[in-house]
Amino acid sequence: MEEEKPKYSLEERGRFFTVLVFLSMMNGFAQVVNGIMSLFAVPSLGPDLEREAEDLEKAAGGILSYESIMEYHQAYFDKFYSINLTNMVLFGGGLVGLFYMYRLQRKGFFLYGFCHILICFVPVILVLNNNFSLIMAFSQLLLAAAFIAMYASQLKRMKY
């Protein structure tokens, strides 16, 4: 009599895929917890913000202005709770997608990808559409694209 394999065995998933899903789940849980905790936080513009904005303006080499950085932070401060709630919901959706992917279901890949693409544009949609928010969105998009590409390379493991 043959030994029955578990429904979602490590061999079926692969080590790379399993590690990738677990690391992404850890990040997703941390982001959801961060979102919950931020709902009880009191937002404030830090005392070093002006100095940091000046340093960022110098480092950006003319791409960003001090005014656009301060304008972005003020707009973020004004919409602090709605931004964190939106991010928490989207990271939660990505987490659901990761659970589906762990169970080797392709719909998890699409849900994860959709949520993480939307997360990239939260600063542009909810906060402010200026150079600073566009640069933030683009940098987040690069990271999201890297993870989506890694998951896309594992689509062959997902059955349905």
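The values are calculated or read from the model by the stated rules, or taken from the named source; none is laboratory data. The structure presented is a predicted model; accordingly, all values stated were derived computationally and were not measured. Note: ideal-geometry Cβ built from the backbone for every residue, glycine included; neighbour counts use all protein chains shown. When the accessible area is computed, the model is the full protein with side chains, heavy atoms only, and any ligands, DNA or RNA have been set aside. Shrake-Rupley method; radii C 1.70, N 1.55, O 1.52, S 1.80 Å.
Set the Förster radius R0 to 22 Å, insert the Cβ-Cβ distance between residue 131 and residue 48 as r into 1/(1 + (r/R0)^6), and round the FRET efficiency to 0.05.
The calculated FRET efficiency here is 0.55.
Counting only protein chains, not ligands or nucleic acids, how are 25, 136 ordered by accessible area (probe 1.4 Å), most first?
These residues rank, largest area first, as 136, 25.
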Most mobile listed residue (96, 33, 124) in the chain, GNM with C-alpha springs under 10 Å:
33
Given a Förster distance of 22 angstrom, what is the FRET efficiency for residue 146 paired with residue 15, based on the Cβ-Cβ distance and rounded to 0.05?
0.70
Label assignment, Cα extents along the principal axes in Å derived from the structure, set (1) 60, 31, 28; (2) 72, 35, 23; (3) 51, 37, 30
(2)
Compute the longest continuous run of the chain that contains no exposed GluC sites (Glu not before Pro); treat a site as exposed when its DSSP state is not H, G, I, E or B and it has at most 12 other Cβ atoms within 10 Å.
5-160
Taking each full run of DSSP H in the chain as one helix, which ones are at least 15 Å long along their axis (Cα atoms) and have mean Kyte-Doolittle hydropathy of at least -1.0?
15-38, 66-78, 80-102, 106-120, 131-152
Any chance you could look up the accessible area of residue 22 with a 1.4 Å probe, heavy atoms only, rounded to 10 Å²?
100 Å²
Sites residue 40 and residue 124, calculated FRET efficiency, Cβ-Cβ separation with R0 22 Å, nearest 0.05
0.25
As a test of the formula, what do you get for the chain when each DSSP H run with n ≥ 4 contributes -39,500 (n - 2.57) and the sum is divided by the residue count, at 222 nm and rounded to the nearest 500 deg cm²/dmol?
-23500 deg cm²/dmol
Dipole of the chain (Lys/Arg Cβ +1, Asp/Glu Cβ -1, origin at the Cα centre): which of 112, 14, 60 lies farthest to the positive side?
14
